[in-house]
Structure formats: C-alpha cells, structure tokens
Amino acid sequence: MTENHSENPEIHSPVTPATVSEKSNVSTTLLLSIVVALLLGFLVAMTLNKNKDSARTDMYSLQAELASRTATVNAERARQGLPPIEGVGTDSPEQIASRLTKDAATLANYSDRFRTLLSEKDTIIADKNSTLLTSEEARKALSSQLAKIQTQLDKSLADSTSAEALRLQLNEARNGLAPLQEKLAAYSSRPTAEELALAKARIAELEAQLAALKSAPSPEAPPKLFAENASELYPAAQALFRALGELDDKADLEISAAYNRFATQFSATFLKEVRFSTGSAQLNPADKLGIGDSVTDLPDGAMILVVGYASTTGQADTNRKLSSDRATEVAANIDMAKPGKQVVQAVFLGQTKRFSSRISERNQVCEVWQINPK
C-alpha cells in the first residue's frame, strides 16, 4: 500500500509559490499575444478599408474621365452625323466590332456623297467660267466695235469741220477772183501776163492755205461756262478756286491777307461782289448794268472766274444748288457783256459764314475775279 501510494516526483510535484508564478507569466504572455494579434488585425482591417476607399475613389475618377471622353467622342460623332455611343464599358467585343463596322459604312457613305457634291460644284464652276469667258469675249468685241465707231465719228466730225473751212476759203477765193473776172470782161481779150501771174500766185496761196488747214489740228473745245468741280475749270483758275475753298472758318485778318496775296500768287484781281436776295438766283436790272460796266476794260486773254456762295440757313443740298445757280447767272451776263475773247467760267463753294457770322444775308453773294495771263 505504501508502495502504491508513493508518487513520482515528476508527475505529482507539489504546488509551490514558484510554480504559481510561472503559470501567471504564461497567462500574461498569452493575453498580450492575443491583444497584439487583435491590434494587428485591426490595423490590417483599417489598411484594407483605406485601400478599398482609395480604389473606389480611383474607380470613380476613371468613370468620370470615361464619361467625359465618351461625351467628347459623341459630340464629334454627332458633328459627323453618326449615332452616339451608348453603354461604354459594358459592350462585348462583338458589339464593339459591329458598331465600328456600321460607323465605317456610314463614313464611307458620307465620303461618297461629299465626292458627288464636289463633282457637282466643279461642274457648276466650269459652267460659270465658260459663261464668263464668253461674256468677256463679247465685251471685247463690243469694245472694239465701239472704238471703231468712235474713230469714224471723230473722223467725220474732223472732215465736216475741214469741209466747212474749205468752203469758206473757196468763197473768199471766188470773191478775190471777181475783180479779175471784171477786168477780163472789160478787156474782152486774154489777160495780160501780169494778171495771169497774179492769179496763179493767188491760187497757189489759197492752195497752201487749204493744205495748212487740212494738216492743222482741230481747235480745242472752249471751256464750259459752269464747272462742277476744280478739274473742269480753266487751268489758270484752278489754284485760285482751291485757295478760296480753304478760307472758310478763317479770321477776317487772315482772309484779307489772303486776298491781297492772290494778286501776286495767282495774278488774280477781285473785281466785284454781287448780292442776292434770300432763296433767289435772279439779278435785278441795276446788278446787270453794274456787271456790264465792270468788264468793259478787260484785256484780251483774261479769264473771269465767278464763285457762288449761299448762307447756312436751310438745307445744305438746296444751298449748293442755289450757289451754283447764282454763279451761273452772273457768269452768263458777263459772257454776254465781255468786250473780247475773254474766258468766263462759273463755279460754286456752297454755304458759308465767311462774309458774316451774324448776318446770314451777307453770305448770299457771288465774287467776280479777273485772272490775267502770265
């Protein structure tokens, strides 16, 4: 019994304070290990959640970029007349291939239509060019015919002028031969050698004059009585007209100095100022007599320039017409009263305040200038 109850010291060792302490250390270590494991698990779970949120954010960004690019592509397809792409990212390769095939067919159809339109446009352009060429040829032909007709007309006019001059010369020749014929009739015999020589000399002189008339250039047409602008004026009057047009809005002293300077600058002399009633371009008898008296001593070759003005009252177009009518009326009377072969022209400068800024009636005038030949 004693042997049966004896216990192996390795199996049934007595519980001592050291043994309890060791068990406590093991439990603490195991507990710490579990806590550490839980912390590691929690950190891993947090990391996985963060990665999942990041992946979700990236996925949203990619989806937004895909939607933006899809919208851009659809806008371009709409501009080309293609249907929009739908269900991007969910179509199968077969569906994508089918859609691309349809798009290629649609683009090919558009290309054929575009080529057809280009061909039609080229045809229309060719027709237009042909029409333009035909029109240009017709225009050139008409221009050539017009030039020929103009040449024939000028020649006819020159021939008629020469014929008229020849007729006058022949009449003069007949008048010159009349005394000789009378002498011949009085002698009732053949003329003397002296008379024949004189007749032959007269005939030779007339033939020479006739040849000179035929070779002389046609005289220039006289200048127009009324000039609408400076280019239609007699050359000697153009500079004076432009200088007068630059005096508007100038001070009285400047205008007076300019008028004094015109005598040496343009050989121009101020002759007369003719006043008109408001809205009128008619001359009274006293004005007509005064105009005739002012041109009685004009030298040959002098040029008379009449410049018409109007006040600023009323419309500008009406005043321009009124000033031109006034200048023409005065010029026509001077042309009838001039003593010789002086040139008379009228021109206008329209409305002005040059002669008075306060009394508008003083601007309803015509100036008469004499330009002497240099």
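No value in this document is a laboratory result; all are computed from the given coordinates. Since the structure is predicted, the reported quantities are computational estimates derived from the model, not experimental observations. All Cβ positions, glycine included, derive from the backbone under ideal geometry; neighbour counts span all protein chains shown.
Numbers below:
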| quantity | calculated |
| --- | --- |
| Segment ILE96-PHE114, extension gain: residue separation times 0.36 nm, minus the distance between their alpha carbons | 3.8 nm |
| Peptides 363-370, 260-267, 317-324, 102-109 ordered by average Cβ neighbours within 10 Å, highest first | 363-370, 317-324, 260-267, 102-109 |
| Charge tally in the Cβ shell below 13 Å around ASN129, where Lys, Arg are +1 and Asp, Glu are -1, ASN129 excluded | -2 |
| About the Cα centre, charge dipole magnitude for the range 230-371 (Lys/Arg +1, Asp/Glu -1 at Cβ), debye | 140 |
| Pairs of lysine residues in the range 202-346 - Cα separation under 19 Å, sequence separation of 8 or more or cross-chain | 6 |
| Relative contact order of the range 261-323, pairs being alpha-carbon contacts under 8 Å that are 6 or more residues apart, as % | 27 |
| Rg and Dmax of the range 254-369, Cα atoms only, in Å | 14.1, 41 |
| Protection proxy ranking of 298-307, 227-236, 244-253 - average other beta-carbon atoms within 10 Å, highest first | 298-307, 227-236, 244-253 |
| Separation in nanometres of the label points that stand 7 Å from Cα toward Cβ, at ALA286 and LYS148 | 6.5 |
